Amino acid sequence: MSSRDRILSHIKANKPNPWPLPDVPVFESSSPDKKKLFIQILERGGSKVGCVDEINQIGRVVSSIFPERKRTLSTLGNVENTENITSLDPEFYEGTDITIVEGVLGVAENGAIWITEKELEGIRVLPFITQHLVMVVSEKSLVGTMHEAYKVLGRPDSEFGVFIAGPSKTADIEQSLVIGAQGARSLLVILTP
Amino acid sequence: MSHAKKAAIFNKDEARTDWHDASLWMVRKKRDFAVSEIPEWEYLREFASDIKSHTLSKLDEYLVAFEKAAKQNGAIVHWAADAKEHNDIVLSILNRHNAKKMVKSKSMLTEECQLNDFLANHQIEVIDSDLGERIIQMLDEPPSHIVLPAIHLKKEEIGELFHKELHTEKGATDPQYLTEAARHHLREKFHTAQVALTGVNFGVAETGEVVVCTNEGNADMGVHLTPIQIHSMGIEKLIPRRSDLAVFTRLLARSATGQPITVFTSHHRKPKKEGEMHIILVDNGRTTQLGKPDFRNSLKCIRCGACMNTCPIYRRSGGHSYESTIPGPIGSILTPGIDLKKYGNLPFASTLCGSCTDVCPVKIDIHDQLYKWRQIVSEAGLPEGGNKTLMGMLGSGLAAPRFFHRLGNLGRKMLRLFPGNERLLSFTIWTRERNLPKAPVESFREWYKKQAKNEQ
């Protein structure tokens, strides 16, 4: 008997009586202002947040926060002083100072932004390997809670997707918070209308 | 050595015990704040518990559904009955690709399977890439907490270790500086490893996805930079629907560290181009636990560690005192089922105060199960179950009023004759650190008799 069959038959013999699967309601945020909450939670978690009226202002905001920025990659075509993704070689990305990507939706209650392989142009490692990460999110995409987020996302339409809620961090040394562990050292979120 | 003995050793350094206690209590307080932000928190716990109850009641069907969906996604699904089979599968994947170097992100399951030692014996270099895990790996110690593996270490000790291993400046203890050194060290490893292995927080039956929750970004660095990714998953990690992730991601990080969500919640569905994605479904005793009605609820655990942070015994005895992969209250109900003789002392490492049950995000009746394990340990006649002869004598004494009365008289007399001589009674643990009370002039019974006379 294979391990698969053995495990399955053990479960059949040992499992408890049927228990109904609950219908979980789509809990909504109790906060009246999703945008305000989203910004507040992101800043509390060590991220920076900027707002622009038009897409073509993104480059300026990024430059104002990183005045000495060097190599900047962007998956948004129309940002000044940025390079497009042209290589799949990891070394190409490791040397990247800043990467600008576009998130699919933002969750107000925890500051998480959903992004998938599609927006990353197939480079899954991109938001992790870059020294600094910039995520552009539309205000219109904001939802209150994770329940609303998964309702909007529905069934997966990508090979890989991730919620990113801040810069990489750790508190593994004496519970002291250190921003910038193995992933990006900082997260700048730019809200567009 | 029993938990009590290890805890006694831990407590010899009083200042350090206080420090350990305070560190964890701080995490517990952060959890309380994070929980207070969600008005429907108690409903979420109930839903989470019910979703898990439902999944366990149809675990075979959901595993088959998960396997089917994962295969459709292009993942390769393996089944491991025990730790040995799990380790053999990992090794065979490594061998097939002639890989000698593997990066690993935090996985309590691979700790349980002792994967690192096994692979080391086969000349495979394993690099734990979570900072805390890397620290304890360099020290050759097991984790002392499931979320904060190096919580027992002081920054001076880590500074000393990094000076030796990573050539940081001697005497440097700044966490920022030390973390930066580890970042450079680990980033090099991510680029040179051939295989990456992660644990799994949630497996979604309807989509075949595995979801991994981390803060450091190490799991994703490993998985996306290496061609071969392996996800080791206990069979109890399944949830039926993708939307159930909303319930569990809201509960997990708030319970664990007081964050509203982990920094990264990665949904791995398909292998990368020209890559391989392996999922290993591991039993290793879980189906046996499923067959124990009193204890099967322990399989709902989502490994947040909240029960450890709140436990007065854990906080003041440290994770290593438990000598089990998973320490603390949840470890004390999971491990006796694996080896009663070895872990039978753990259900006694509790005050049964119930705080673990109160904070558990999936409503496991932890303290009830601790109590039930104690019954089993006592019935099995293990020494931790208490002294049966003495308990029997006490039982018959309490059941005979006249004898009890005489015994009380004798006791009070002894106390008056040898006041403060509590060392006489040091053969019981109870009196080792407690003074005996002053003997009262009379017993309640004697006093009551007098009152009755006075009233007449």
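The values are calculated or read from the model by the stated rules, or taken from the named source; none is laboratory data. Values in this document were obtained by computation on a predicted structure and should not be read as measured data. Neighbour counts are summed over all protein chains in view; Cβ atoms, including those assigned to glycine, are modelled from backbone coordinates with ideal geometry.
For region B:65-84, the criterion of a residue being within 13 Å of chain A (Cβ to nearest Cβ) and on the phi > 0 side of the Ramachandran plot is satisfied by at least one position. Residues in region A:110-122 that are more than 8 Å from chain B (Cβ to nearest Cβ) and either surrounded by fewer than 22 Cβ atoms within 10 Å (Cβ to Cβ) or among the β-branched types (V, I, T) (or both): A:I113, A:I115, A:T116, A:E117, A:K118, A:E119, A:E121. How many residues does region A:131-162 hold that are in a strand (DSSP E or B), in contact (Cβ under 8 Å) with a residue 60 or more places away in the chain and among the hydrophobic types (A, V, I, L, M, F, W, C)? Of the residues in that region, 3 qualify. Kindly check whether there is at least one residue in region A:147-160 that is facing another protein chain (nearest Cβ under 7 Å), over 23 Å from A:V79 (Cβ atoms), of a type outside the set (G, A, S) and under 13 Å from the mean Cα position of the chain (by Cα). Yes, region A:147-160 contains a residue that is facing another protein chain (nearest Cβ under 7 Å), over 23 Å from A:V79 (Cβ atoms), of a type outside the set (G, A, S) and under 13 Å from the mean Cα position of the chain (by Cα). Exactly one residue out of B:S53, B:S129 is crowded, with 18+ Cβ neighbours inside 10 Å, facing chain A (nearest Cβ under 9 Å), hydroxyl-bearing (S, T, Y) and closer than 22 Å to B:Q229 by Cβ: that is B:S129.
The residues of region A:45-68 that are of a type outside the set (D, E) and without any contact (Cβ under 8 Å) to a residue 40 or more places away in the chain, listed by number, are A:N56, A:Q57, A:G59, A:R60, A:S63, A:S64, A:P67. For region A:79-120, filtered to residues that are small (G, A, S) and not in a loop (DSSP other than H, G, I, E, B), the residue that is nearest to A:L133 (Cα to Cα) is A:A112.
Does region B:294-311 contain at least one residue that is facing another protein chain (nearest Cβ under 8 Å), more than 19 Å from the chain's Cα centre (by Cα) and not hydroxyl-bearing (S, T, Y)? No: region B:294-311 contains no residue that is facing another protein chain (nearest Cβ under 8 Å), more than 19 Å from the chain's Cα centre (by Cα) and not hydroxyl-bearing (S, T, Y).
Answer with yes or no whether B:D358 is free of Cβ contacts under 8 Å to residues at least 24 places away in the same chain and either assigned to a helix (DSSP H, G or I) or not assigned by TED's automatic domain parsing to the domain that holds B:G305 (or both). Judged against the criteria, B:D358 is not a match. Taking each residue of region A:83-112 that is over 22 Å from A:F66 (Cβ atoms) and looking for partners that are among the aromatic types (F, W, Y) and crowded, with 17+ Cβ neighbours inside 10 Å with beta-carbon atoms closer than 6 Å, six or more apart or interchain, yields A:V104/A:W114; A:L105/A:W114; A:A108/A:F38; A:A112/A:F163. As a summary of the residue check, A:F128 satisfies the conditions (1) within 20 Å of A:I85 (Cα to Cα); (2) more than 11 Å from every other protein chain (Cβ to nearest Cβ); (3) part of a helix (DSSP H, G or I) except for the one numbered (2).
Scanning region B:281-290 for residues that are more than 7 Å from every other protein chain (Cβ to nearest Cβ) and either in a loop (DSSP other than H, G, I, E, B) or small (G, A, S) (or both) yields a total of 2. For B:A70, the conditions (1) surrounded by fewer than 20 Cβ atoms within 10 Å (Cβ to Cβ); (2) at pLDDT 95 or above all hold with the exception of (1).
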